[in-house]
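First the structure, in the form of structure tokens, and then the observations on it.
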Amino acid sequence: MASITTPPTRSKPIVPRFTIPCGDHVHSVPSRESSPSSCDTADTPDGSRSSSRRRPSFGSIKEDTDGIAQSFVDTHHVPSPKEQKEPEPPKQERQEMQQSPDFCCPCGGFLGWKQIRLSGKSLSRSYGDLRGLGNLQAKGWAWDTTEAGRELVPPKEQVPVIEEPQTPAGIPPGTSAMEKLPSEVLDQIISHLALDIPPNGYTPRNVDLVCCLLTSRTLHAATLGVLYRNMTFPHSIIFSKALNHISSYPALGTLVRRLDFSHFTSVGLGRTKQMNAEIQNLTSRTLLQCLDLLPNLRECLLQEHLEGDLSVDVIRKLFMGLPILQAVDLCGCSTNSFSAVFQEALTGGPALPMSLSNLKRLSLHECSTIPAPMFDFLLPRLINLTHLDLTHTQINDSALFAIPETARITHLSLSRCTRLHPPALIKFLTTHPAVCDSLVFLNLLTDATRFRLLEEDDVTALLPKLPKTLRSLNLGGARITSDHVPLLLPLTKHLEELGLSSADLTVQDVNTFFARTKENAEPSTLCYLDLAKVNQMTIGSIFNMSTCLLLSDQSYPLQVVEFSEKIITPLRERSKTQRVSVGWTVRELGRRGWYVRDPTSMPSCPIDDGSRSWKMGARWWGMRKIPMAIGDVGGIYGHYMFKK
């Protein structure tokens, strides 16, 4: 979703709000088109205004939809020289960009439009009047504004005469075919209109949902469920507004299924650490208060920017106080204070239940300070576990075997877990009922210069016993040689991702995956291949089409090849000077670089956008963090998945 550059101004924009009349009450709901990053000023503790412009989330990335794999977008916007030289827009134009309408949305006990007040004044006596007023504006809605205390009211002669809406003969209001659909079907249809909230400026979002709210009572009820199902908070101000509103109307809290802080950051708010401590928008107290109001919460996505607000009571609430919570993500929480809170929450006070049957997906990605005994204490209780991300943690062999046999793990990441021993790991992966026949995603990536988990004999013992359910396998850092190619070849008939970084392989070994022979008649299914730090892969060998099949049409459906900086740098320079395209493009993000096949180079083949069910919403290849919820990748989760 493209961001819109905000005009340089110091005035305070009016936050759009829509009202929901219900029975005898008219209450306001903060519009999802508002974002704290769309403000140019910030409150200070003394009540004054700071003119520092709020910046997007630090390290936040989003996917690009241009059709080429590995197309990433950093949400941090740096004005171009042209933008910086552009003159400041006129005052009236700035004001229009800042001010947005009051949306009016009827629900259950709605008795009519007569008493609805817009901007403090009754403007409508009927639905027709409201619609007439809306037609005055290019945006389709009407609102009041003042300039120097003078009300700007459209001239009466410009008000079009609109009759009350008429329904077709024989069809009473509220009985259209659309409104007769089952609520489950309506929910599925309206869900396609919902958009994830990006942490940038004036980007329009969920405008279509607001339109549905205005259509009818039936669609209003169905749309409210979609609007509140997934709550994403990029900044503490948005969280505070949502908490205040749900506290006033607790029924809305029962609609929330996902609490998403993957975009959250306090960086760029123009405040010091002391100011953030004094402005009590998001604290351990308010976070606990929010969780208490969400009895039907299923997914809670947290991360390192909130670890200071994760108190003992909050952790206990997540593991013991939400009976249908299925997914918890604590990505990047690695301070010693968090580790102490985590231990006290699980082992002190009320005893943790022996069975946490509701919790199915758990991510402790990069939670490196949690001590090993905590895994022995927690994992045996996860009897229905399906997703487990323990990247860079202190998990040991005993904790792995403590996982209940009733679990059916499809996604498992044990990357950079230095306390694991190869014999125990191989035995667990090949014999334990929780993983031996259910794995779809397995990440065993290590940095061979620091720690090597699997030696040559370990790889030989593991490869023949891996299940055919696997779609993604990362053995980066393992000691893989040419002798393992016959064992890898059967895997390339069902794997879509294969990580072989630091492997001791030749160009001929890689060709074996794609060459069509009598012994290898079945085509490869590989779409992504990680060959970073494979010494024999050089620029000369890659572009020698007579000896290397990697970039040829024969390697299709291969879309992405990951290389180290040593290869990516000359590839980047080559693409700048080469007149004729070879059909491949360099893509980079953070520490990683890819050579990506251009879909237009093979027009006869169907375009593959990279979407797979096991990716849970992501389209890019080579993710290193397991998602805990289905949705578009963004925020700091995208940083850990593809940037590190």
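The values are calculated or read from the model by the stated rules, or taken from the named source; none is laboratory data. Given the structure is predicted, the values throughout are model-derived calculations rather than measurements. FYI the Cβ positions are ideal-geometry reconstructions off the backbone, even for glycines, and counts take in every protein chain you see.
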**Q.** Per-region count, segment 516-559, residues within 29 Å of the chain's Cα centre (by Cα), touching a residue at least 40 places away in the same chain (Cβ under 8 Å) and not in a loop (DSSP other than H, G, I, E, B)
**A.** 2
Q) If you check Leu454, Leu439, Leu400, which single one turns out to be out of contact with any strand residue (DSSP E or B) (no Cβ under 7 Å at 6 or more places or on another chain), in a loop (DSSP other than H, G, I, E, B), at pLDDT 95 or above and among the aliphatic types (A, V, I, L, M)? A) Leu454
Q. Restricting attention to segment 496-515, and to residues there that are of a type in the set (Val, Ile, Thr) and assigned to a helix (DSSP H, G or I), which single residue is farthest from Leu473 (Cα to Cα)?
A. Val507
Q | Condition met for Leu362 (under 24 Å from Thr418 (Cα atoms) and surrounded by 19 or more Cβ atoms within 10 Å (Cβ to Cβ)) | A | yes
(Q) Anything in segment 616-640 that is outside any loop (DSSP other than H, G, I, E, B) and either surrounded by fewer than 21 Cβ atoms within 10 Å (Cβ to Cβ) or among the small types (Gly, Ala, Ser) (or both)? List them, or say none. (A) Gly634, Gly635, Gly638
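Here is a list: Leu589, Leu571. Which entry is in contact (Cβ under 8 Å) with a residue 24 or more places away in the chain, closer than 30 Å to Leu364 by Cα and not small (Gly, Ala, Ser)?
One residue alone meets the criteria, Leu589.
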**Q.** Residue in segment 407-463 that is surrounded by the fewest Cβ atoms within 10 Å (Cβ to Cβ), counting only those that are under 20 Å from His365 (Cα atoms) and of a type in the set (S, T, N, Q)
**A.** Thr418
**Q.** Some residue of segment 391-401 being crowded, with 16+ Cβ neighbours inside 10 Å, over 25 Å from the mean Cα position of the chain (by Cα) and among the charged types (D, E, K, R)
**A.** yes
Q. Listed residues Gly201, Gly225; which is surrounded by fewer than 19 Cβ atoms within 10 Å (Cβ to Cβ), at pLDDT below 90 and not aromatic (Phe, Trp, Tyr)?
A. Gly225
Q) Can you tell me how many residues in segment 606-626 are touching a residue at least 24 places away in the same chain (Cβ under 8 Å) and over 15 Å from Glu496 (Cβ atoms)? A) 4
(Q) modelled with pLDDT of 90 or more, within 24 Å of Phe642 (Cα to Cα) and in contact with a Phe, Trp or Tyr (Cβ under 6 Å, 6 or more places away or on another chain): which single residue out of Val534, Val561 fits that description? (A) Val561
Q.
Being free of Cβ contacts under 8 Å to residues at least 12 places away in the same chain and either over 28 Å from His639 (Cα atoms) or crowded, with 22+ Cβ neighbours inside 10 Å (or both) narrows it down to one residue among Pro350, Pro373, Pro404, Pro380; which is it?
A. Pro373
Q. What's the number of the condition Ala461 fails, among (1) small (Gly, Ala, Ser); (2) closer than 24 Å to His411 by Cα; (3) over 28 Å from the mean Cα position of the chain (by Cα); (4) not in a helix (DSSP H, G or I)?
A. (4)
Q: Quickly run through segment 574-615 and pick out the residues that are among the charged types (D, E, K, R), part of a loop (DSSP other than H, G, I, E, B) and within 18 Å of Glu562 (Cβ to Cβ).
A: Arg591, Asp598, Asp608, Arg612
Q: Looking only at segment 605-626, decide whether some residue is touching a Ser or Thr at 6+ places or on another chain (Cβ under 8 Å) and farther than 30 Å from Arg257 by Cα.
A: no
Q. Of all the residues that make up segment 581-622, how many are among the aliphatic types (A, V, I, L, M) and in contact with a strand residue (DSSP E or B) (Cβ under 8 Å, 6 or more places away or on another chain)?
A. 4
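Against the definition (hydroxyl-bearing (Ser, Thr, Tyr) and either modelled with pLDDT under 90 or closer than 17 Å to Leu301 by Cα (or both)), how does Ser236 come out, yes or no? Give the derivation first.
Numbers: hydroxyl-bearing (Ser, Thr, Tyr): yes; either modelled with pLDDT under 90 or closer than 17 Å to Leu301 by Cα (or both): yes.
So Ser236 passes the test.
Residues Pro353, Pro380, Pro373: which one is closer than 22 Å to Ile324 by Cα and assigned to a helix (DSSP H, G or I)?
Numbers: Pro353 fails: assigned to a helix (DSSP H, G or I); Pro373 fails: closer than 22 Å to Ile324 by Cα.
Of Pro353, Pro380, Pro373, the one residue that is closer than 22 Å to Ile324 by Cα and assigned to a helix (DSSP H, G or I) is Pro380.
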